[in-house]
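Reviewing the structure listed below.
The values are calculated or read from the model by the stated rules, or taken from the named source; none is laboratory data. Keep in mind that this is a model prediction, so the values were computed, not measured. FYI the Cβ positions are ideal-geometry reconstructions off the backbone, even for glycines, and counts take in every protein chain you see. For accessibility, only protein heavy atoms count, side chains too; no ligands or nucleic acids. Shrake-Rupley method; radii C 1.70, N 1.55, O 1.52, S 1.80 Å.
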Amino acid sequence: MPLARAVARGEVDRGVAICGSGVGACIAANKVPGVRACLIHECFSAHQGVEDDDMNVICLGGHVVGNAVAWELVRTFLQARFSGAERHRRRLAKVASLERREAES
């Protein structure tokens, strides 16, 4: 997935992936180390995913979410900032460790 690779390489800070349900886009994006993609349908998760988990790709279902809601979700996602709280940094370190172990096997 070119978008996920661009996010992982730091060419872009965040990405928006859309497919029919959003599920396939999310699965594919999460196969790229360094990408933290989530399927989002409501605003709380759109900002909380960034604030707590440093989500860097939002996945939307084009057949599931209407245009107005999609714009609101993307705007919320892009305006959110990672909190940097210690517990959240520890969580991200665990995810990075899992990615490294999988890459080594």
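Note on Val16/Ala93: beta-carbon distance plugged into 1/(1 + (r/R0)^6) with R0 of 22 Å gives a FRET efficiency of 0.25. Surface composition of region 1-71: carbon and sulfur atoms hold 60% of the protein heavy-atom accessible area at a 1.4 Å probe.
How high is the relative contact order of region 38-105? Use alpha-carbon pairs under 8 Å, at least six apart in sequence, and give a whole percent.
38
Over the chain, consider all pairs of different Cα atoms and compute the Kirkwood hydrodynamic radius from their mean reciprocal separation; express it in Å, one decimal.
When all Cα pairs of the chain are included, the Kirkwood radius is 13.9 Å.
By the beta carbon rule, with partners counted only under 4.7 Å, the chain holds these lone Cys residues: Cys19, Cys38, Cys43.
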